[in-house]
There are 2 protein chains.
Amino acid sequence: MKIQLALDRLSKEECFRLIEETEEYIDWIEIGTGVIKEYGMSIIREVKQRYPDTTLVADMKTCDAGAAEAAQAFEAGADISTVMAFSADNTISDTLSIAGKYGKRMMIDLLGVEDPDRVRRIEQLGADLVSLHYGKDMQHQGAMNVNLFDLLSVNSALEVAVAGGINADSLPALLHKSPSIVIVGSAITKAPDSKRAAEELKGVIESDENHH
Amino acid sequence: MKIQLALDRLSKEECFRLIEETEEYIDWIEIGTGVIKEYGMSIIREVKQRYPDTTLVADMKTCDAGAAEAAQAFEAGADISTVMAFSADNTISDTLSIAGKYGKRMMIDLLGVEDPDRVRRIEQLGADLVSLHYGKDMQHQGAMNVNLFDLLSVNSALEVAVAGGINADSLPALLHKSPSIVIVGSAITKAPDSKRAAEELKGVIESDENHH
């Protein structure tokens, strides 16, 4: 199980400091939507240049113009770009087709999706990676619920990431659902000691893996 | 009726050239999502600096973290920022509340919305401006249909913008629906003579206004 470090609502300097502090415990680096909208593709290029061997996720949250936005992210150096599940089928298939051309991947963000049929449709469109996403603005109403996993069919072959205010307290319940990627933001980025927070989360995952 | 010039999938230099060429015929300037993702907030700041008196729309297409993204756009100089209608109610109300604090406005992008109840709900949340949006990736399947206007209630007080591959041919049918803002992208930006294309569209609108 991988940890994806989500860097959002941070300055460029803070992003680089956090990657440096935590890199031995994290697997994938995500540049968040707000950071992309602040700095543009230059931050994707800079992160890829400094960390060429780490998988880099550009959280583009594409809603339309799928081919153009996916190409934009991959050209800048992203290994994975995100597209919203509620966008048009054409948008999703266009991004998947561009990802194929570049030898890269799309992560389909299930934010706001409540109907398992939509997830099945997304798999039919050729997606192989989704994120179960409990939005930042929904977190006002309480923590994420593992029921989010009910969106997935029993026989789904989708690789699954999970995101939404995950911390050391909420992580154990999620581990029972065996996601492939756990996306963590503020539990690391806002911790008094980010390195230690990343180490602790990695420890929870490794201990779980050793017991199953 | 206003013309909003949508600048997307263009370099910064092309954006500035197009604004300069067309400014006497256009009312609002929109910096498109792809351009924002390429250059970040710097392009919003530069456009506002050069054109401080023109209404500047940042097509942020916010899906989550509404308060942070709206503040980001307004701080950079946007007069209007966009948020997706399919995002969580909290996301939409957070952006409206930030817009109120800054004395700015949100445009709620109805891309992908098919249920008039969602539009009513958005109006209840306090929105006063929406865009009826036939997505770029849906345009593969043919031109926008005026049925999009059926999403609006008869007694809605919403100010309405309309977007989606609008050109001199499709504009007259839309004018019967009396939108407040017509959003035009490639019909101007990809025209052999952009100034003339903008002038022509402005002429169609003025001639319609003089006959009603």
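The values are calculated or read from the model by the stated rules, or taken from the named source; none is laboratory data. Here the structure is a predicted model, which means the values were calculated and not measured. Here the Cβ positions follow ideal geometry from the backbone for every residue, glycine too, while neighbour counts run over all protein chains shown. The area values use the complete protein model at the heavy-atom level, side chains included, leaving out ligands, DNA and RNA. Shrake-Rupley method; radii C 1.70, N 1.55, O 1.52, S 1.80 Å.
The requirement of being in contact with a strand residue (DSSP E or B) (Cβ under 7 Å, 6 or more places away or on another chain), in contact (Cβ under 8 Å) with a residue 24 or more places away in the chain, more than 20 Å from A:ASP64 (Cα to Cα) and open to solvent by 30 Å² or more (accessible area, probe 1.4 Å) is fulfilled nowhere in the range B:37-47; no residue meets it.
The combined condition, being without any contact (Cβ under 8 Å) to a residue 40 or more places away in the chain and among the hydroxyl-bearing types (Ser, Thr, Tyr), is not fulfilled by A:SER180.
Do we find that A:ASP150 is within 14 Å of chain B (Cβ to nearest Cβ) and at pLDDT below 95 in this structure? No: the conditions fail for A:ASP150.
Taken together, the residues in the range B:133-149 that are more than 15 Å from the chain's Cα centre (by Cα), assigned to a helix (DSSP H, G or I) and closer than 22 Å to A:SER93 by Cβ amount to 5. For A:ASP89, the stated conditions hold: it is at pLDDT 95 or above, over 19 Å from the mean Cα position of the chain (by Cα) and either surrounded by fewer than 24 Cβ atoms within 10 Å (Cβ to Cβ) or under 18 Å from B:GLY135 (Cα atoms) (or both).
When A:THR62, A:THR54, A:THR22, A:THR95 are checked against the criterion of being touching a residue at least 40 places away in the same chain (Cβ under 8 Å) and of a type in the set (S, T, N, Q), a single residue qualifies: A:THR22. Got at least one residue in the range B:126-144 being of a type in the set (Lys, Arg) and surrounded by fewer than 19 Cβ atoms within 10 Å (Cβ to Cβ)? No - not one qualifying residue is present in the range B:126-144. The set of residues in the range A:108-125 that are part of a helix (DSSP H, G or I), open to solvent by 10 Å² or more (accessible area, probe 1.4 Å) and either of a type outside the set (D, E, K, R) or closer than 21 Å to B:ALA85 by Cβ (or both) comprises A:PRO116, A:ASP117, A:ARG118, A:ARG121, A:GLN124.
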